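Enquirer: Please see the structure below; I have some questions.
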Amino acid sequence: MCHGFNNTQLLLRLIVTYAQSSTKPHVHLARIEGSISADERALLTRISSENELVATLLPVQSVGVQGDCRSYSYVVGISSDGKPAWSDLISLAKLLPKICHNINRVVYIFGSAIREPVVDITPTFLTSGVLSTLRQADYVAMRVLTAHRLASTISQMPVILIPVHFDRDPLQRLPSCQRSVVIRTFITSDFMTGIPATPGKQITEKALQEMVTAIEAVPNVSRVLYDLTAKPPGTTEWE
């Protein structure tokens, strides 16, 4: 992890609690308020006041698009104990990379809110076991997509296996041994730019929940995540 990992995690916490944190002086507030417009600050205030969100910086980087170049930056996971407000999460995913320039991808983490930081990864190689996990997750997700007749709506839906094991108590020092699965829906007309499918709009919440439940049943899967990132700043797929 780079030197700024912990500072970025602190900044993320201030962002998702902006309605409360902005009432108290803090050195990072100037960075938040200087990176977004007045309308965007009002939007962030509303989102953070209406949703109890937790932001977790993940110790993995994905390729993103900055201008005409590609660069690797961190992924941030958003979680909550409540029901996700998808339109708000999509809006938040647009704001976060504007404020945190070392982030190019935002995902929602299904399940309860992530309470413990994730600072290490599961060693991962192209073994038969790892590939089998990915193939199973991809198969069950695509089966749900087809069953709900969404293949014509979703331009592409990569399923990604990342070496992140959530829900480990740091006091117990449990090793990172599981991996998590990301569902990346992508809607585009030319693949130069595009947006994620918003649950409740381009993809039904029922279909998405069926995907999540099916993937959670795959052995050795820690959590299921949903990619909220448009292109740019993220790419269509993950690298």
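The values are calculated or read from the model by the stated rules, or taken from the named source; none is laboratory data. What you see is a predicted model, and the numbers here were worked out from it, not measured in a lab. Because the Cβ atoms are built from the backbone with ideal geometry, glycine has one as well, and the counts that use them run over all protein chains shown. Calculation scope for accessible area: heavy atoms of the full protein, side chains included, ligands and nucleic acids excluded. Shrake-Rupley method; radii C 1.70, N 1.55, O 1.52, S 1.80 Å.
Enquirer: With volume of the Cα convex hull per residue in Å³ defined as stated, name the option among (1) 199; (2) 135; (3) 148 computed from the structure displayed.
Expert: Looking at volume of the Cα convex hull per residue in Å³ for this model, the match is (2).
Enquirer: Of all accessible surface on region 17-101 at a 1.4 Å probe, what whole percent is carbon and sulfur? Don't skip to the answer; put the middle values down first.
Expert: On the way: 2120 of 4180 Å².
The computed percentage sits at 51.
Enquirer: Can I ask one more? For region 77-178, go through all pairs of different Cα atoms, get the mean of 1/r, take its inverse, and jot down that Kirkwood value in Å. Don't jump to the answer; show the numbers that get you there.
Expert: Values: mean 1/r = 0.0609 Å⁻¹.
In region 77-178 this quantity evaluates to 16.4 Å.
Enquirer: Would you please put 25-37, 174-186 in order of how densely packed they are, using the mean number of other Cβ atoms within 10 angstrom per residue and starting with the highest?
Expert: Numbers: 25-37: 13.6, 174-186: 20.8.
Result, highest mean Cβ count within 10 Å first: 174-186, 25-37.
Enquirer: Any idea what the relative contact order of region 140-239 is, in percent, if you count C-alpha pairs under 8 Å spaced at least 6 apart?
Expert: Details: 144 pairs, mean separation 33.4, N = 100.
In percent, rounded to a whole number, it is 33.
Enquirer: Here's another thing I want to ask about it. When ligands, DNA and RNA are left out and all protein chains stay put, how many square angstrom of accessible area per residue does the chain have with a 1.4 Å probe? Display every interim value, and only then the final one.
Expert: Working: 11750 Å² over 239 residues.
Accessible area per residue, the chain: 49 Å².
Enquirer: Another question about this same structure. What shape does region 1-143 have by the C-alpha gyration tensor, where a ≥ b ≥ c are the square roots of the eigenvalues, rounded means a/c under 1.5, and otherwise prolate means a/b greater than b/c and oblate the rest?
Expert: Details: a/c = 1.91, a/b = 1.58, b/c = 1.21.
Prolate.
Enquirer: Could you check how much of the accessible area of region 148-239 is carbon and sulfur, as a whole percent, using a 1.4 Å probe? Present the calculation step by step, with values, prior to reporting the outcome.
Expert: Values: 2210 of 4250 Å².
Result for region 148-239: 52 percent of the exposed heavy-atom area is carbon or sulfur.
Enquirer: Could I ask something else about it? Which log10 I(q)/I(0) values, to two decimals, does region 136-201 give at q = 0.14, 0.24, 0.26, 0.29 Å⁻¹ under the Debye formula with one point per Cα?
Expert: Evaluating at q = 0.14, 0.24, 0.26, 0.29 Å⁻¹ gives log10 I(q)/I(0) of -0.56, -1.05, -1.14, -1.27.
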